[in-house]
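Notes for the one structure printed next.
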Amino acid sequence: MAQISIRNINKVFDGGVVAVKDITIGIENKEFLVLLGPSGCGKSTTLRMVAGLENPTSGDIYIGDRWVNNVPAKDRNIAMVFQNYALYPHMKVYDNMAFALKLRGYAKTDIEKRVNEAAQILGITRLLNRKPKELSGGERQRVALGRAIVRKPLVFLFDEPLSNLDAKMRVQMRTELHKLHLKIQTTMIYVTHDQTEAMTLGDRIAVMKDGELLQLDTPLTVYNNPVNKFVAGFIGSPPMNFMEGRIIKKNGSIYFDEGNFKVKVLEEMHAKLVSYINKQVIFGVRAENIYDKLFAAGATPENTILVLCEVVETMGPQNHLYLSTGKHTAVALVDSSNKPTIGSMVEVVIDMKKVHFFDPASEKTIV
Ligand SMILES: Nc1ncnc2c1ncn2[C@@H]1O[C@H](COP(=O)(O)OP(=O)(O)O)[C@@H](O)[C@H]1O
Ligand SMILES: [Mg+2]
């Protein structure tokens, strides 16, 4: 049982680099929390402070009810898995997994039991007598996980553990990790820059940028209600389309006017947008919320725009349409049967229920 509480932690490295700024995150017992953000935003530093590999410049860290700022890493009862899993090359898989337990003076029978149990959970029993060089990347990563599991820690910390694997293996190991979490029900903190990993694995996602925590919520809330333009653009693939334009009022209705097209804003969004009438905003719409009019229901002149189809990418089940309004480009994610001619003008329908508006100065979400 371990909840983790990170309270107002800051980290300033020698030389003045501010890596983490006043981050507070409460992680529940058994939760899978993902720290997500671009390279250099302070994810690893945050994780390393929980692990005890770095000291916070200020702030407090609790594991369970225990204040651990002063507790050395080896006494925190955590296990960490890195991108570079660094197995001992001269040791067999069994000994790699048993090593930490031997160091801690566990009895031989207990070690055997734990290693075999972990090997079974990870499906690597048949590999126990091999050396790391006789394993594939995915198998090595499983052994690295096994090494962590045998210790039955209170908390698992992962720092981009799948980054060294090829794309296919990454997806497979992602699912394995998911199953592992369901099986062993231990609190996990997982660092990644990959939004797909974050969306698929996290009970909640903490989105970071420049050392700050921008948003902490469930994957779907972060996806559907991003707090600002950065989060909106970072989560989702293809990324959200952004277009600059103005909010205008005409005959009691509110429109977003891009210059080359106008779309009518739904009434439920009016209250938040009235103070932006005749002002610049950033309009955001996700690729899956743009439809070819031929295939769309509910098209009206006020949600339909005429665009140039510049490129069609065939994905298999779906197509990416690269569109131009003349001022902005946008991507639409549509059904594979939906394949307009490249270079032709197409009418596309925007699902106005799903659009967002951002303040151009603060980049915060207006609605
Ligand atoms: N030991 C260190 N000394 C000085 N600066 C560091 C050190 N470790 C990391 N940093 C800096 O702190 C910032 C955050 O780094 P890091 O936590 O590794 O980011 P992330 O894991 O999100 O890529 C970066 O600007 C990085 O260069
Ligand atoms: Mg890192």
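The values are calculated or read from the model by the stated rules, or taken from the named source; none is laboratory data. Computed from a predicted model, the values in this text were never measured in an experiment. Positions of Cβ are backbone-derived with ideal geometry, glycine not excepted, and every protein chain shown enters the neighbour counts.
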### Which numbered condition ASP14 fails, given (1) surrounded by 13 or more Cβ atoms within 10 Å (Cβ to Cβ); (2) within 12 Å of ligand 1 (Cβ to nearest atom)
(1)
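Could you please let me know if VAL68 is within 16 Å of ligand 2 (Cβ to nearest atom), among the β-branched types (Val, Ile, Thr) and assigned by TED's automatic domain parsing to the domain that holds ASP203?
Considered against the rule, which asks whether it is within 16 Å of ligand 2 (Cβ to nearest atom), among the β-branched types (Val, Ile, Thr) and assigned by TED's automatic domain parsing to the domain that holds ASP203, VAL68 comes out as no.
Would you call ILE111 within 16 Å of ligand 1 (Cβ to nearest atom) and more than 21 Å from the chain's Cα centre (by Cα)?
On the way: within 16 Å of ligand 1 (Cβ to nearest atom): no; more than 21 Å from the chain's Cα centre (by Cα): yes.
Taking the combined requirement at face value, the residue does not satisfy it.
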### Task
Test each condition in (1) crowded, with 18+ Cβ neighbours inside 10 Å; (2) closer than 29 Å to LEU135 by Cβ; (3) out of contact with any helix residue (DSSP H, G or I) (no Cβ under 6 Å at 6 or more places or on another chain) for VAL191 and report the one that comes out false.
(3)
### Task
Among the residues of region 282-318, write down those that are in contact (Cβ under 8 Å) with a residue 60 or more places away in the chain and either on the phi > 0 side of the Ramachandran plot or basic (Lys, Arg) (or both).
ARG286
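In region 20-40, which residues are more than 13 Å from the chain's Cα centre (by Cα), farther than 15 Å from ILE61 by Cβ and within 14 Å of ligand 2 (Cβ to nearest atom)? Before you say what the answer is, go through the steps one by one.
Initial filter on region 20-40 (more than 13 Å from the chain's Cα centre (by Cα)): 20-31, 40.
Applying the additional criterion that residues be farther than 15 Å from ILE61 by Cβ yields 21, 28-31, 40.
Within region 20-40, GLY40 is the sole residue that qualifies.
Where in region 131-237 are there strands (runs of 3 or more DSSP E), lying fully within it, with 1 or more residues that are modelled with pLDDT of 95 or more, of a type in the set (Gly, Ala, Ser) and within 16 Å of ligand 1 (Cβ to nearest atom)? Steps first, answer last, please.
Numbers: elements: 155-159, 187-192, 204-209, 212-217.
Because the criterion is at least 1 residues that are modelled with pLDDT of 95 or more, of a type in the set (Gly, Ala, Ser) and within 16 Å of ligand 1 (Cβ to nearest atom), the strands (runs of 3 or more DSSP E) in region 131-237 that meet it are 204-209.
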### Task
Identify all residues within region 41-60 that are over 27 Å from THR200 (Cα atoms), crowded, with 20+ Cβ neighbours inside 10 Å and within 16 Å of ligand 2 (Cβ to nearest atom); write none if there are none.
none
### Task
Tell me which of these LYS250 doesn't satisfy, since it passes every other one: (1) more than 16 Å from ligand 2 (Cβ to nearest atom); (2) buried (at least 18 other Cβ atoms within 10 Å of the Cβ); (3) not hydrophobic (A, V, I, L, M, F, W, C).
(2)
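Can you find a residue that is in the same structural domain as ASN29 (by TED's automatic domain parsing), in contact with a strand residue (DSSP E or B) (Cβ under 7 Å, 6 or more places away or on another chain) and either in a helix (DSSP H, G or I) or crowded, with 19+ Cβ neighbours inside 10 Å (or both) anywhere in region 112-126? Please lay out each step first, then the result.
Just the residues of region 112-126 that are in the same structural domain as ASN29 (by TED's automatic domain parsing), to begin with: 112-126.
Right, trim to in contact with a strand residue (DSSP E or B) (Cβ under 7 Å, 6 or more places away or on another chain) and you get none.
Within region 112-126 (the criterion being in the same structural domain as ASN29 (by TED's automatic domain parsing), in contact with a strand residue (DSSP E or B) (Cβ under 7 Å, 6 or more places away or on another chain) and either in a helix (DSSP H, G or I) or crowded, with 19+ Cβ neighbours inside 10 Å (or both)), the answer is no, since none of the residues qualifies.
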